[in-house]
Amino acid sequence: MYKQLREQDPIHLAQTKEYIVTRYDDVKEILKSKSFGTGNRLEWLKRGIDYFENKDDDFTAIYEAMNSFILMLNPPEHQSIRTFINRSWNDHDVDLVIEKNILKTLSSITLDEIDVVKDFAQPLPVLTICDILGIDVQDHHYLKELGITMTKSLDLYISYKEMVMVNDAAKKFVDFFKVQIANKTITPDNGLLSKLIQDNKELNAGLSERQLISIGIFLFIAGQETLSGLISNGIYDLLKHPEEFKKLKDDPDLIVSSIEEILRFDSTVQLLGRIAKEDYKIRGIIIPAGSAVTLVIGSANRDEEVFSNPNKFQIERSPNKHLSFGSGIHFCLGDWLARRQAQLGISAFSKRFPDAILLSRKVNYYKNLAIRSLNSLSVKTAQV
Ligand code: HEM
């Protein structure tokens, strides 16, 4: 379908009145353009709530949790919060933390048949972000489940039942981070949350407690399902392409280009949304001001005008200028962490289980149009 859209109707006006953009150059142009802003997700969710005519329901926790999700903010507020986070989060030396968590997850695998998602890809990013933020890892199971539910709020379409679940998760997240912020204000530690609290005070940044809570929640969930998807999609792709997997095992340095190819070929973030701030002409079509635009990263990354043999999984592909971390002012803040964790994680997995094979080629995906990640991946490890 992506190919058909790229070739026949690259700026497609859908029945929902949103524009679906599928070509690489167009997706990139719009991501970089000042004529588009991120859609007001809260307004959008509210429209959903009104649609279900359950106005008596209290969905304030969603608003509370998402008030400072920078992904949903536009300039100038976006820039000031992004700069603030970047300034506090300047320590990118996280290899030891990641390696500790890889060892922890892989060494607890004793069975010959495993679920790569539940046993490895999901716990690893959660353990690491807990360490980075300074959250007690004992809470990681609880937070992992909440995060998976909360990620649903980033989907394009969401049912009433899901909205109730997201609100419940949002409430629990807000309560959890409220306690964390309060404790770390009194007793700071070396984690990123304490650093954000201290910098807020010392730099007179003027962020409120509710903004700090929301930033903490977003940093927690932004890299959870996305990274779990990258690791499990990646292991799935390698096991489905044994000749590529062999190349990686023979030359472990290929891990860097392998991760870039997994990001391109099986993009965890498939779609991004924007709103046109003014009329915008592209490929001879006017996108009217106020229109919702869906940018299909998954399609841009398969555009034959940019990538040769785009439907082929080639771990040595170069150049590989995929758009999986976005582009422009909202470019992913955690790309380095995602890349490093996937490189170290998939390397360790292939060394520990070099003879791993898929138990079934049939897999099922997390029900979310925007995020492509597996629900489970059964593998026979043939442990060595
Ligand atoms: C494979 C893993 C990941 C993928 C594919 C991914 C992808 C993306 C994409 C496409 C965007 C841009 C969204 C837009 O333009 O609307 C984004 C933004 C963002 N990502 Fe990631 N991400 C990943 C991991 C992470 C991690 C580990 C973190 C940090 C813990 C993180 C933090 C953020 C933040 C804070 C933003 C918002 C930046 C802004 O609005 O200025 N991401 N990510």
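The values are calculated or read from the model by the stated rules, or taken from the named source; none is laboratory data. What you see is a predicted model; the values in this text were computed from it and never measured. Positions of Cβ are backbone-derived with ideal geometry, glycine not excepted, and every protein chain shown enters the neighbour counts. For the accessible areas, the whole protein counts, side chains as well, though only heavy atoms, and no ligand, DNA or RNA atoms are used. Shrake-Rupley method; radii C 1.70, N 1.55, O 1.52, S 1.80 Å.
Details
- Residues of the stretch 323-343 classified as more than 6 Å from the ligand (Cβ to nearest atom), not small (G, A, S) and not in a helix (DSSP H, G or I), total: 2
Residue-wise test of (1) open to solvent by less than 10 Å² (accessible area, probe 1.4 Å); (2) over 19 Å from C332 (Cα atoms); (3) modelled with pLDDT of 95 or more.
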site: S228; (1), (2), (3): yes, no, yes
site: E243; (1), (2), (3): no, yes, yes
site: L248; (1), (2), (3): yes, yes, yes
site: P252; (1), (2), (3): no, yes, yes
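- Restricting I275, I262, I285 to residues that are within 16 Å of the ligand (Cβ to nearest atom) and either more than 20 Å from R302 (Cα to Cα) or free of Cβ contacts under 8 Å to residues at least 24 places away in the same chain (or both) narrows the list to I275.
- In the stretch 313-350, of all residues being farther than 13 Å from I231 by Cβ and over 19 Å from the mean Cα position of the chain (by Cα), the one that is surrounded by the most Cβ atoms within 10 Å (Cβ to Cβ) corresponds to I315.
- As a summary of the residue check, F353 satisfies the conditions (1) farther than 19 Å from F120 by Cβ; (2) open to solvent by less than 20 Å² (accessible area, probe 1.4 Å) except for the one numbered (1).
- Within the option set I231, I255, I215, I235, being assigned to a helix (DSSP H, G or I), within 16 Å of the ligand (Cβ to nearest atom) and under 14 Å from the mean Cα position of the chain (by Cα) holds for one residue only, I231.
- Scan of the stretch 111-136 for residues that are in a helix (DSSP H, G or I), within 30 Å of K195 (Cβ to Cβ) and open to solvent by less than 30 Å² (accessible area, probe 1.4 Å), ordered by number: F120, A121, P123, L124, P125, V126, L127, T128, I129, C130, I132, L133
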